[in-house]
Structure formats: C-alpha cells, structure tokens
Amino acid sequence: MEPMTTSTATDQAPADPAATDDMLASQPVGYWSGLAHAVVTRHLRDAMARIDVTQPQYWVLNRVNGGSAAPSRAEVVAQLTSLADGPYDIARSVDQLVHRRWLRIDAGQCLHLTDEGEAARIRLRQMVTELRAVVHEGVSDEEYVAALKVLRRMVANVEGDTPQTR
C-alpha cells in the first residue's frame, strides 16, 4: 500500500488554456479533463463517421464479442448505456447493427456477430489503435498510467471510495 501524502492547499486559478507548466498545479482538473474528453472523443467520432460507424456501435460490437456467452440485447443495453450520450443510443446501435447485418439475434434473443460484423470489429479495432497512437504521441505508458491514477484518486476523493490498485 502506498503511503498517504499530504499536500498543501493550492489556490484554484481560473481555467487558462495558455497556462505555463509552472502554473498547472493551480488549474482546475474539471476544465482539463473535460477538454481532453471532448477533444479525444470528437477525434475518434469524426474518424468513425468518415466510415459510417458510431462509437456506440463500436462498443456494442466489442461487447457482443467480449464474453464467454452470447449476451442478450437487454444485457448489452444495460451494460453500455452509462457510457452513451443518451438512454437510447445503445438500443439504437443494436438495431442499426442488426439492420446492417453485422449482428444477428438467435431464437433465444441473444446477439451474435456475423462474419461481416467480426470483420468490421477487427477493422475498427485497428483504426482505434491507430487513433490512440496519435493521442498518446509523446506520452509514455508510465506517464499515462500516472495520469489515470491521479484521475482515479480524484474521483475516489469526491465519491468517498478507495481507488482500486490493480
């Protein structure tokens, strides 16, 4: 277990996109994490839109592929809706993927990737990996892990949870 460190209170400065490195400690995490989320999500969604795919569709393809047993539509919707922009995005994505014949529904109402769906999932995975490389350029894995640990700790501080240390 890591020792607890105490920090001195740092004054909160207004968000400043031009803040120099020596000013970053006073910058609001909400601004910077929100900006990172918006920019990275837009970058990913724009690339997917150019090939007529949505991010929620990609999530659905991965979820249907990702388990030992075929999930039902309801399971996929329940598991992914919290990630989506709205309560109906995942259900619509399932419908779109069935219509596109990338998913099929069996007699037990479970979802399965078709051959076309698996090929699309593999192509999308490659594209997302390439996009990730652009986003992560100049950032080592160690720096990335450290940044996520900091964000995870901040979430835990606000929610009153102990962060997981897997």
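The values are calculated or read from the model by the stated rules, or taken from the named source; none is laboratory data. Note that the coordinates shown come from a computational prediction; the quantities given were computed from them, not determined experimentally. Every residue, glycine as well, gets a Cβ built from its backbone with ideal geometry; the counts of neighbours run over all protein chains shown. Surface areas here come from the heavy atoms of the whole protein model, side chains and all, with no ligands, DNA or RNA. Shrake-Rupley method; radii C 1.70, N 1.55, O 1.52, S 1.80 Å.
Here's the yes/no breakdown for (1) part of a strand (DSSP E or B); (2) surrounded by 13 or more Cβ atoms within 10 Å (Cβ to Cβ):
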residue: 111; (1), (2): yes, yes
residue: 117; (1), (2): no, yes
residue: 123; (1), (2): no, no
residue: 126; (1), (2): no, no
residue: 146; (1), (2): no, no
residue: 152; (1), (2): no, yes
residue: 155; (1), (2): no, no
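The test for being under 18 Å from the mean Cα position of the chain (by Cα) and exposed (fewer than 11 other Cβ atoms within 10 Å of the Cβ) does not hold for residue 68.
Considering only residues in the stretch 83-102 that are hydrophobic (A, V, I, L, M, F, W, C) and in a helix (DSSP H, G or I), the one that is farthest from the chain's Cα centre (by Cα) turns out to be 98.
Residues of the stretch 42-61 that are assigned to a helix (DSSP H, G or I) and open to solvent by 40 Å² or more (accessible area, probe 1.4 Å): 42, 43, 45, 46, 49, 59.
I'm trying to understand the selection: among the residues of the stretch 128-144, which are in a loop (DSSP other than H, G, I, E, B) and loosely packed, with under 12 Cβ neighbours inside 10 Å? If the condition is that a residue be in a loop (DSSP other than H, G, I, E, B) and loosely packed, with under 12 Cβ neighbours inside 10 Å, then 137, 138, 139, 140 are the ones that fit. Pairs are defined by a Cβ separation below 7 Å, a sequence spacing of at least 6 or placement on different chains, a first member in the stretch 76-88 that is over 11 Å from residue 55 (Cβ atoms), and a second member that is among the polar types (S, T, N, Q); the pairs so defined are 87/81.
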